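Since the structure comes first, as structure tokens, the remarks are kept for the end.
The values are calculated or read from the model by the stated rules, or taken from the named source; none is laboratory data. Note that the coordinates shown come from a computational prediction; the quantities given were computed from them, not determined experimentally. Cβ placement follows ideal geometry from the backbone for every residue including glycine, while neighbour counts extend to all protein chains displayed.
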Amino acid sequence: MEAPGVCCTDDGILRWESPGGPQECNSNDGKRSEWVNFLRSGDNVQLLPSDPEDALIQFINKRGSVFGVSSTGRPMGSEPQVVCEWTIQE
């Protein structure tokens, strides 16, 4: 689900869309945007880029590869496993 009023910078930093913070970004959406107020350093979130293909290419160019993970075939509650690695071949 999208988080109205919240965006991710090119550096991967989660921030409010407006410099005024939550006061200007409150979408009156019934608490959907307020979860970001409770994030703390070290928390994990899933972000959906507006252009997934471009984001993936930029990430691979910066980091060298991307790893695919899956929980398929794993016991409930166990950590997912790395199942593949993608790189860009020239």
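Of everything in the stretch 35-49 that's of a type in the set (S, T, N, Q) and at pLDDT below 75, which residue is surrounded by the most Cβ atoms within 10 Å (Cβ to Cβ)? Checking each candidate, the answer is Asn37. In this entry, Asp11 is excluded by the filter for residues that are at pLDDT 75 or above and exposed (fewer than 10 other Cβ atoms within 10 Å of the Cβ).
Leu56 falls short on exactly one of the conditions (1) in a helix (DSSP H, G or I); (2) modelled with pLDDT of 75 or more; (3) surrounded by fewer than 14 Cβ atoms within 10 Å (Cβ to Cβ), and that condition is (3). Count of the stretch 64-86 residues, restricted to those that are at pLDDT below 90, under 20 Å from the mean Cα position of the chain (by Cα) and either over 23 Å from Glu53 (Cα atoms) or β-branched (Val, Ile, Thr) (or both), is 1. Scanning the stretch 23-34 turns up no residue that is at pLDDT 80 or above and charged (D, E, K, R).
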